[in-house]
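Computed from the coordinates by the stated procedures, all read-outs in this text should not be read as laboratory data. Computed from a predicted structure; not experimentally measured. Here Cβ is always computed from backbone atoms with ideal geometry, including for glycine, and neighbour counts include all displayed protein chains.
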Amino acid sequence: MSNQKLAEYVTLVSSDGFEFNLLRSAACLAGTIKKALDPKSGFREGEQNRVHFETINGVVLEKVCEYLYYSQKFAESKDVPDMDIPPALCLELLIAADYLDV
Amino acid sequence: MAAERTRKRKRDQEDAIAKIKKGKQTKKKDTKKKKQGSDDEDDEYDDLMDMYKKKKPLPGQLDFCELCNKRFTVTPYSKSGPEGGLICTPCGKEMAKDAKAQQKANKPVVRKARRKIESNRLDGATMRGAKTLQQLCIEKIAKHADDVEEFGDLPDPIMKRLSEIFSKKRAMKPNTMKLFLQPHLDTVAIEEAAYLETEDFDQIFAIVPNIKKLSLRNCCQFKDSTMDYMIEKAKQLTEVQLLGANLVCNDKWIDFFIARGPQLKALKLEWLDAAFDDQAVQALAEFCPHLERLKLERCKRIGVESIDAIARMQHLQHLTLRFCTEIPQERLINMITSVGANLRTLCLENFLDGQNEEPVDFVIEAIHNNCHHLSKLRFTENHECSDASYVSLFSDWNNPPLRYIDLNSTRDLDNVNPDGPDDYPIGLGSAGFTALMKHSASRLEYLDVSSCRHISHETFTSIFDGTKQYPNLREIQLSFCPVVDTQIVATIFRSCPNIKKVVTFGCFEVKDVVVPRGIVLIGAPRAQDQIEQYGDLVLDFQREALGELEKAMMVAAGA
């Protein structure tokens with residue numbers, strides 16, 4: 001399959017320069033990231049396996065990554081326990097989640 | 001002499017008690033042994049061995065504990081240890097505790113918050129896997145509603161969702177409501193406004209003067225003064241939905257229609273019982289000529305004259321009515337004749353003529369003759385129209401296939417004859433349902449035939465035969481259709497590749513259905529533990545589809 005060409009891990013970069021390496025399969029749970037990395041879209045992100053987020057800071061992006069792995073872990077199970085989100089982060093995270101389509 | 005006798009009696013008594021206690025213990029041991037060894041030979045062997053064993057001390061004597069080797073006094077309550085010897089009281093207690101814990105662990109665990117989980121499912125919040133991050137955040141925010149100071153610039157759909165969730169959690173109080181009022185908005189929608197006071201409603205128009213669309217449900221404190229303020233401030237208002245605004249008097253409704261008349265595009269009013277009568281509807285027809293969307297449900301004081309007034313609204317595209325009085329069918333037919341041509345949506349709930357003994361089918365005939373642009377039709381709770389009328393409605397109807405059909409509870413009502421009259425079927429029956437599917441199946445997304453009791457099993461099996469495909473059908477309601485059984489539900493899964501939800505409350509023949517992945521079956525009455533059945537399995541016909549999809553992807557990747 002064509003997956004051989006694709007790197008297993010991708011890098012997400014926050015607005016303040018923090019880099020997060022995570023599994024491509026987890027990252028692609030977010031619709032926006034999936035589209036950006038899709039080789040068919042032909043974006044530079046797809047070639048470099050690296051997505052830069054100008055509007056999301058490191059703290060929020062870390063939580064997003066945590067969510068992506070959490071979501072991947074529980075993808076097939078029922079009655080999933082809710083992930084803990086610090087209330088102070090909620091609004092920013094919500095905006096990021098809306099942007100990322102997760 | 002007497003003293004000696006009592007002493008003797010006492011001694012006899014003690015002996016007897018000791019004997020009884022001893023007997024009890026051996027009996028206990030016997031039963032225990034029987035449980036352990038199933039073979040009789042084993043028992044005999046054990047009995048033989050018992051003879052060589054050291055005799056167990058009687059109550060009152062001393063022995064060494066089998067577990068901790070401490071010396072203790074044997075009592076009738078002393079328990080025997082795992083090896084068969086006696087154990088001391090502390091060790092016995094410990095053992096009892098362990099046994100209890102073991103018992104508890106063996107009991108099936110009752111899931112906590114089960115009701116909550118079920119509620120989430122019915123809301124469609126959790127189908128499978130984790131909630132979306134947005135959902136998690138919104139729930140968290142709603143939980144901490146009191147601490148939030150300002151939302152800032154949130155996208156509109158999220159604001160709407162937040163408002164809905166606040167409403168659902170009964171968190172829409174005067175302080176939290178202000179979070180949803182921002183000057184740049186053009187929509188304010190509050191699903192549950194029961195906690196809000198008159199001043200809070202005034203705030204809406206003070207802070208959001210450019211409001212175009214207002215939707216308030218359970219707005220009990222929406223008063224005449226609020227209406228005045230709305231007329232004065234909200235000059236751009238084009239869509240209004242109010243549920244339960246009972247403190248607004250008739251004249252104020254009319255004032256509002258006069259003030260916003262030509263620009264008003266949509267009006268939805270529900271549950272009004274104190275005011276809003278025929279006069280108000282007449283004023284609406286007169287002063288709001290551009291009304292496109294009208295919904296009047298459960299407004300108790302309107303009747304036939306309102307139907308006549310609605311007949312004069314020439315620009316209506318969406319019409320939903322549910323009256324509390326019986327309407328003679330001539331008036332209803334007159335209304336459909338005059339406004340039907342432009343309608344996209346027509347919902348007539350519980351419209352009964354009440355005058356005629358014979359079935360009256362002319363309303364449905366009027367729909368057939370006048371409506372040619374419908375995409376959504378709801379005609380429910382009717383026991384007057386015959387099956388033949390539904391056949392004629394859907395046969396040669398000059399109307400594109402419908403997207404949404406709800407004909408629930410169109411059936412005969414006669415306790416003595418539950419199957420309805422044989423010669424003249426009442427309500428949507430087999431023939432009507434067949435005609436319906438023939439007309440609309442290609443585009444149909446939502447179908448509700450709940451309580452249409454007269455549709456036969458053969459009709460269901462011939463429509464859903466597993467080979468005919470209904471590509472757009474996403475939801476189907478079959479509750480209280482007694483003939484629906486496991487086979488029909490199973491073939492529905494096969495006939496409708498995009499089906500998401502099948503509802504079968506009260507269909508007692510639905511048992512042990514294998515629900516395919518991605519589909520929810522609600523209301524299977526024989527379901528042992530859950531009302532909803534979520535599909536886990538990828539069935540063979542789904543596998544084929546998946547296989548094709550994979551092939552297509554490989555081809556695409558190769559190219």
Inset, instruction - Report the FRET efficiency, 1/(1 + (r/R0)^6), for A:His52 and B:Ser225, where r is their Cβ-Cβ distance and R0 is 56 Å, rounded to 0.05. - result: 0.55
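Order by neighbour count: B:Met172, B:Met313, fewest other Cβ atoms within 10 Å first, most last. List each step's numbers first, then the result.
Numbers: B:Met172 27, B:Met313 22.
Fewest-to-most ranking of B:Met172, B:Met313: B:Met313, B:Met172.
Residues of A:59-67, mean number of Cβ from any other protein chain within 10 Å of their own Cβ, rounded to a whole number?
Numbers: counts 0, 0, 0, 0, 2, 1, 0, 1, 6.
Mean shielding count: 1.
For B:Asp419, what is the net charge nearby, where nearby means another residue's Cβ is under 14 Å from its Cβ and Lys, Arg count +1, Asp, Glu -1?
Details: positive: B:Arg411, B:Arg453; negative: B:Asp387, B:Asp412, B:Asp414, B:Asp422, B:Asp423.
Result for the neighbourhood of B:Asp419: -3.
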Legend entry - Convex hull projection area averaged over all views, the stretch B:233-327, Cα basis, nm²: 5.3 nm²
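Other chains' Cβ within 10 Å of A:84-92 residues: what's the mean? If you can, show how the numbers build up before the last one.
Values: counts 2, 6, 1, 7, 2, 2, 11, 9, 2.
So the per-residue partner count for this stretch is 5.
State, as an integer percentage, the relative contact order of the stretch B:321-363 based on alpha-carbon contacts under 8 Å between residues 6 or more apart. Numbers along the way, then the final one.
On the way: 29 pairs, mean separation 27.1, N = 43.
Result for the stretch B:321-363 is 63 percent.
Once the Cα gyration tensor of the stretch A:12-74 is diagonalised, what are the square roots of 5 times its eigenvalues, in whole Å and ordered largest first, as equivalent ellipsoid semi-axes?
Details: eigenvalues 62, 49, 14 Å².
Taking √(5λ) for each Cα gyration eigenvalue gives 18, 16, 8 Å.
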Legend entry - the stretch B:146-208 - Rg and Dmax from Cα coordinates, angstrom: 10.7, 28
Inset, instruction - Mind pulling the angle between the C-alpha long axis of helix A:58-73 and the longest principal axis of chain A? Nearest 10 degrees, somewhere in 0 to 90. - result: 80 degrees
Legend entry - Mean Cα-pair separation over length for the stretch A:7-100, i.e. relative contact order, pairs under 8 Å, 6 or more apart, %: 30 percent
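Within 10 Å of each Cβ in peptide B:153-162, how many partner chain Cβ atoms are there on average? Round it to a whole number, please.
Values: counts 1, 4, 4, 0, 1, 5, 0, 0, 2, 1.
Shielding by partners across B:153-162 averages 2.
What percent do you get for the relative contact order of the stretch B:291-373 when only Cα pairs under 8 Å and 6+ apart count?
Working: 136 pairs, mean separation 26.3, N = 83.
Computed value for the stretch B:291-373: 32 percent relative contact order.
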Inset, instruction - Post the alpha-carbon centroid distance, the stretch A:6-66 to the stretch B:57-71, in whole angstrom. - result: 71 Å
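Pick out, in residue order, every one of the chymotrypsin sites (Phe, Trp or Tyr not before Pro) in the stretch A:29-102 that is DSSP loop and has at most 15 other C-beta atoms within 10 Å; say none if there are none. Display every interim value, and only then the final one.
Values: sites: A:Phe43, A:Phe53, A:Tyr67, A:Tyr69, A:Tyr70, A:Phe74, A:Tyr99; in loops: A:Phe43, A:Phe53, A:Phe74.
Those satisfying the criteria are A:Phe43.
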Inset, instruction - Give the distance, in whole Å, between the Cα centre of the stretch B:167-232 and the Cα centre of the stretch B:392-439. - result: 43 Å
